[in-house]
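S.K.: Just dropping this structure here.
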Amino acid sequence: MREVSDSKISQEHLSKDAYLYVRQSTIRQVVENKESTKRQYALKQRAIAFGWDESKIHVIDSDLGESGASTCRDGFKALVTEVGLGRAGIVMGLEVSRLARNSTDWHRLLEICALTKTLILDEEGVYDPSHFNDRLLLGLKGTMSEAELHVIKARLLGGALNKAKRGELVIRLPIGFVHDAHKRIVLDPNKRVRESIELFFKTFRRVGTAHSTVKTFNQEGWMFPKRIYSGPQKGEVVFGKLTHSRAFQILRNPRYSGAYAYGLRRKEYNGKSKNLLVKYVDQDNWHSFIKDAHPGYITWKEYQENIQRLLENRQDTELTRKCPPREGPALLQGLAVCGNCGRKMTIRYHERRGSRLSPDYVCRGSMRKFEPRVCQSIPGHEIDKLIATTLLEKMTPAAIEVALAVQTELHSRIEEADKIHYRKVEQAQFERDLARRRYMNIDPDNRLVADELESEWNAKIREYNAAKEEYKARTKSDILAINEEQKAQVLELTKDFSKLWNSKNTSDKDRKRMVRLLIEDVTLRKSEKLSIKIRFKGGQTSSSELPLPKSAWVEKKHSPTIIKKIDELLEDHTDGEAAEKLNQLGLVSGTGKKFDANRVATIRRAYNIKSFYTRLKSKGLKTIAEICDNYNVSRYVVYKWRDRGQLKGIRYDDCGRYLYEPTQN
């Protein structure tokens, strides 16, 4: 074999450099499998024996700890570059799997070596990729190396999947769970951790969204636990601010319902970056699922409700979107359903009469190519009025129940907050006592250590006092709020549900929450009339019809009464005088504004109403120019005749111009 290999090495090969590629798949292999690494470095002596000078032998070992199937190996890229530039006479590797574990990289390397006449050496011999037989043998070795990796992965993964089906595969537990002495999963014995997680789920049920849950925690100053998995504090639990990513992870994790699940997520390439994209899969595609495998913080039913609520809160779905209540006045936000296509309708706001926001319920259609963009658009002002009236009529008997539920919720929220804040005091007290015990157990003669422990004890005492004072201040403010202000308001509102609905202190968001407690959805359809079908919680329905809302120009159109009145007033008055008369009668224009001369003139021209001037001309009155021609006098003479009463003049506009009767007195 050595003679055959030696015959393939020519002087041309020896004139170029030799490259030794060294690789181990993981850092652990680098540390533990030292003999394999030594064997790879020993190939350098083979090159020297074949005639390469030691200075021309380059060792590439920057990929130690990188998998052969990885596409991010800088050392391998440098090797391929040198081969492609024709600088390599031979490439050395202990075996094919050291160079590449995937066919793409391996065959690309063979192709470049064949073009540049570069040899390949492994532990068994020297090969020339430009020769067919050697190329065939190297190709088979590469295929077998890739297949070997596949078999190893299949064995390891198969064993893990079988254990997962039985619920025995050990997976990192989320915060709030630990293993006991018998390796069983139990709730965390730390009471502060448990109560923080319980408060998280209660807050989510109350506010309805993950974003609002995080906002509530941060506004109230509630800390959330987190376990550290690396570094010097590995295994410890620390408390910090709740983040959105943590909130979504907890809500989506079925372990909190006591279920064992494997295969919740999968990794896939997004085509835009080298990083893998992690996606959650549907429950039907989970590899294994065991219900009630260990204690949990919520029930399985609550977990499913939370997932459904997260799905409804999404903004990128077309059929299932049911976004949480927001600040706008539209009562049917997330509840309106298109009666034409069955899709959820979105909200568009516009100003009505200059100041008040008015909603429009819009169905955007399927948003597919060649289809209408908007299915239907319906003004929602009158619809919201109907919904409010229906609720006030139907839900009056339930007013006391609603108000008492609000009162109970306020009490529970105060109690939950008090528990969380008191846990902080207990934690500070425990750390203070621990620092005290450490200080009391130290040898007094060891002053360096004693001084350090004494300062730590003093610091813990200050932290405990600060936490205690903060707890007292919060407790005092909470008690005052519920006992004096909120309780009085709640008891007053229990007398009349309409007061609760129409109260200035009731926000649009709160009204929407009331609507969602009572109404499942509302189907809207616009044809000759506006059809409204309300589906209440429990299955009851109510159908109503409204006349089609008028267009904006129709609403702004002047009433026939105004037009008739203007026509009557212009019989004896100018535009300005007619405007004064209309204002005295308390009449307004179609846009709700007072009249003036310009507005009367505009209406007169729009409706072809004869002006005061036209009416006087039809009665035979003359202009001043016509009077001057008839009597052959100047304008000043006409003015004198009018002032003396010798010639009757009638003012026909608001600028002081006159028409005159043709005969002189």
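Taken together, the values in this text are just the output of simple stated rules run on the coordinates, not laboratory data. Everything numeric here is computed off the predicted structure, so don't read it as measured data. So basically every Cβ, Gly included, is an ideal-geometry build from the backbone, and we count neighbours across all protein chains shown.
S.K.: Using amide H atoms built 1.01 Å from N in the peptide plane, name the residues 5+ places from ILE90, or on other chains, whose amide H lies under 5 Å from its own.
M.R.: TYR19, LEU119
S.K.: Sticking with this one: Please identify the helices of the chain, taking whole runs of DSSP H, that span at least 30 Å along their own axis as judged from the Cα atoms and have a mean Kyte-Doolittle score of -0.5 or higher.
M.R.: Flagged H segments are 132-165.
S.K.: So which trypsin sites (Lys or Arg not before Pro) in segment 579-633 end up in coil per DSSP with only 15 or fewer other C-beta atoms within 10 Å?
M.R.: Those that pass, being in a loop and sparsely packed, are LYS593, LYS594, LYS610, LYS619.
S.K.: Using +1 on the beta carbon of Lys and Arg, -1 on that of Asp and Glu, and nothing else charged, what's the dipole of the chain about the Cα centre, debye to 20?
M.R.: 2440
S.K.: So for the pair ASP53, ASN218, with labels modelled 7 Å out along Cα→Cβ, what separation do we get in nm?
M.R.: 6.6
S.K.: Looking at the square roots a ≥ b ≥ c of the eigenvalues of the Cα gyration tensor of segment 172-313, which shape do they give, rounded for a/c under 1.5, prolate if a/b is larger than b/c, or oblate?
M.R.: rounded
S.K.: Right, next: Would you kindly derive the ³J(HN,Hα) couplings of segment 94-101 from the backbone phi angles with the Karplus curve 6.51 cos²θ - 1.76 cosθ + 1.60 (θ = phi - 60°), listing them in order in whole Hz, with x for Gly and Pro?
M.R.: Ordered by residue, 3J(HN,Hα) equals 4, 7, 4, 5, 5, 7, 7, 10 Hz.
S.K.: Cross-link candidates for LYS241: which aspartates and glutamates have Cα within less than 15 Å, leaving aside residues fewer than 8 places away along the same chain?
M.R.: Partners found: GLU220.
S.K.: Out of these labelled values of percent of Cα pairs over 47 Å apart, [x] 55; [y] 22; [z] 60, which was calculated from the coordinates shown here?
M.R.: The value computed from this structure is option [x].
S.K.: For a quick check of your reading of the filter: which trypsin sites (Lys or Arg not before Pro) in segment 182-285 sit in a DSSP loop and have no more than 12 other Cβ atoms within 10 Å?
M.R.: Sites meeting the loop and neighbour criteria: LYS183, ARG184, LYS234, LYS272, LYS274.
S.K.: Going by C-beta contacts inside 10 Å, put ASP360, ASP282 in order with the fewest on the left.
M.R.: In increasing order of surrounding Cβ atoms, one gets ASP282, ASP360.
S.K.: Out of segment 162-213, which GluC sites (Glu not before Pro) are coil in DSSP terms and have no more than 14 other C-beta atoms within 10 Å?
M.R.: Answer by residue number: GLU168.
S.K.: Tell me what the chain gives for mean residue ellipticity at 222 nm when only DSSP H runs of n ≥ 4 count, each as -39,500 (n - 2.57), the sum divided by the residue total, rounded to 500 deg cm²/dmol.
M.R.: So the calculated ellipticity at 222 nm is -15000 deg cm²/dmol.
S.K.: Distance in nm between label sites at TYR631 and SER543, each 7 Å beyond Cα in the beta-carbon direction?
M.R.: Here the modelled spin labels are 7.9 nm apart.
S.K.: Set Lys and Arg Cβ to +1 and Asp and Glu Cβ to -1, take the dipole of segment 2-163 about its Cα centre, and tell me which of LEU161, TYR41, CYS113 lies farthest positive.
M.R.: The residue sitting most towards the positive pole is LEU161.
S.K.: If the cut-off is 17 Å between C-alpha atoms, which aspartates and glutamates fall inside it for LYS291, apart from same-chain ones fewer than 8 positions away?
M.R.: List returned: GLU168, ASP282, GLU302, GLU305.
S.K.: For LYS648, give me every one of the lysines with a C-alpha distance below 24 angstrom, ignoring sequence neighbours fewer than eight places off in its own chain.
M.R.: LYS610, LYS617, LYS619, LYS622, LYS640
S.K.: Could you list, in their original order, any pairs among LYS8/LYS56; LYS526/LYS550; LYS191/LYS468; LYS16/LYS77; LYS419/LYS472; LYS202/LYS267 whose Cα atoms are separated by more than 21 Å?
M.R.: Checking Cα-Cα distances, LYS202/LYS267 exceed 21 Å.
S.K.: Please state the shape class of segment 158-216: rounded when a/c is under 1.5, otherwise prolate if a/b exceeds b/c and oblate if not, all from the C-alpha gyration tensor.
M.R.: Oblate is the answer for segment 158-216, as a/c is 1.5 or above yet b/c matches or exceeds a/b.
S.K.: Follow-up question, since we're still on this one. Between LYS419 and GLU111, what length in nm is gained on full extension when 0.36 nm per residue of separation is reduced by their alpha carbon distance?
M.R.: Additional length available on full extension: 103.9 nm.
S.K.: So how strong a dipole does segment 555-609 carry about its Cα centre when Lys and Arg Cβ are +1 and Asp and Glu Cβ are -1, to the nearest 20 debye?
M.R.: Charge dipole, segment 555-609, about its Cα centre: 340 debye, nearest 20.
S.K.: Say the dipole of the chain comes from +1 at the beta carbon of Lys and Arg and -1 at that of Asp and Glu; which of ALA181, ASN218, GLN11 then lies farthest toward its positive end?
M.R.: Ranked along the dipole, the leading option is ASN218.
S.K.: Take SER7, SER611 and order them by how many other Cβ atoms sit within 10 Å, fewest up front.
M.R.: SER7, SER611
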